[in-house]
Amino acid sequence: MKRTILALAIMMSCLTAICQTVISGGQRTKVMQDIEDKAASTSSLQCLFTQTRTSSLLAEPIVTKGHLTFSKPNEVLWEYDLPQRTIKVSGNSVSVTADGKTTELNPRIKKMIQGFTSLFMNEGGKMLDERLFDVTMLDCGTTYRAVMTPLRKDMQRLFAKITFSFTKDSCQVEAITMSEREGDEVTIEFYDIK
């Protein structure tokens, strides 16, 4: 177990070293505008995803897969394969259905899902909103990465940071990592985007 953790730490430090080029000035403005333009022009999409949750309380990461359907202005449907469950976000409503039963989420989880969905759907017209986040843009070779640290206290209670990875050629979101204050992380990787 200790060797696995050490290997992961070494791998993460190597990946971080690869992604050390901070984008600044006019290039930063252009990259951020390209990302915002792509987000604004995307009215719907469907894709597959893999979600990985890591926590100090878990011996191993929890990996789930599923299908995402997104439609503006505010409809998101996450359908998980195993364990089979559905998370539907529609406006201010969040529902979770598992084994045919719809359950109520605790307020913290509901707020986290709503906050993430609002960012993901580009509500308010800015995904990389510098009124809400300190945004550091990185050039990582074939991708851009936006490391977003919340400025508002309500968001700071939910996330230490949110990291978006975008393809360089099309500015399409390919992964999101939500880092919680307690150190837990959820990474969602998107593929077969249509």
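Quick one: in the range 128-142, of everything that is charged (D, E, K, R) and without any contact (Cβ under 8 Å) to a residue 40 or more places away in the chain, which residue is nearest to residue 167 (Cα to Cα)?
Our first condition is that a residue be charged (D, E, K, R); within the range 128-142, this holds for 129-131, 134, 139.
Add one more test, that the residue is without any contact (Cβ under 8 Å) to a residue 40 or more places away in the chain, and what stays is 129-131, 134.
Working: 129: 19, 130: 21, 131: 24, 134: 21 Å.
Checking each candidate, the answer is 129.
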The lone condition residue 23 fails out of (1) without any contact (Cβ under 8 Å) to a residue 60 or more places away in the chain; (2) open to solvent by less than 80 Å² (accessible area, probe 1.4 Å); (3) closer than 18 Å to residue 168 by Cβ is (1)
Filtering the range 106-149 for residues that are at pLDDT below 70 and part of a strand (DSSP E or B) leaves a count of 0
Give the residues of the range 162-192 that are in contact with a Leu (Cβ under 9 Å, 6 or more places away or on another chain) and at positive phi, sorted by residue number. 192
Residues of the range 26-73 being farther than 16 Å from residue 191 by Cα, touching a residue at least 12 places away in the same chain (Cβ under 8 Å) and assigned to a strand (DSSP E or B), which ones? 53, 54, 71
Residue check: is residue 157 among the charged types (D, E, K, R) and modelled with pLDDT under 90? yes
What do you reckon, is residue 181 part of a helix (DSSP H, G or I) and either of a type in the set (Lys, Arg) or within 19 Å of residue 41 (Cα to Cα) (or both)? no
Which condition number does residue 76 fail, the rest of (1) under 19 Å from the mean Cα position of the chain (by Cα); (2) part of a helix (DSSP H, G or I); (3) at pLDDT 75 or above being met? (2)
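When the range 151-168 is examined, which residues are found to be of a type in the set (A, V, I, L, M) and assigned to a helix (DSSP H, G or I)? Outline the logic, then answer.
Filtering the range 151-168 for residues of a type in the set (A, V, I, L, M) gives 151, 155, 158, 160, 162.
Passing the criteria: 155, 158.
The values are calculated or read from the model by the stated rules, or taken from the named source; none is laboratory data. All of these numbers come straight from a predicted model, not from anything done at the bench. Using ideal geometry, Cβ is built from the backbone for each residue, glycine included, and neighbour counts are taken over all protein chains shown. These accessible areas exclude ligands, DNA and RNA; they are computed on the full protein's heavy atoms, side chains included. Shrake-Rupley method; radii C 1.70, N 1.55, O 1.52, S 1.80 Å.
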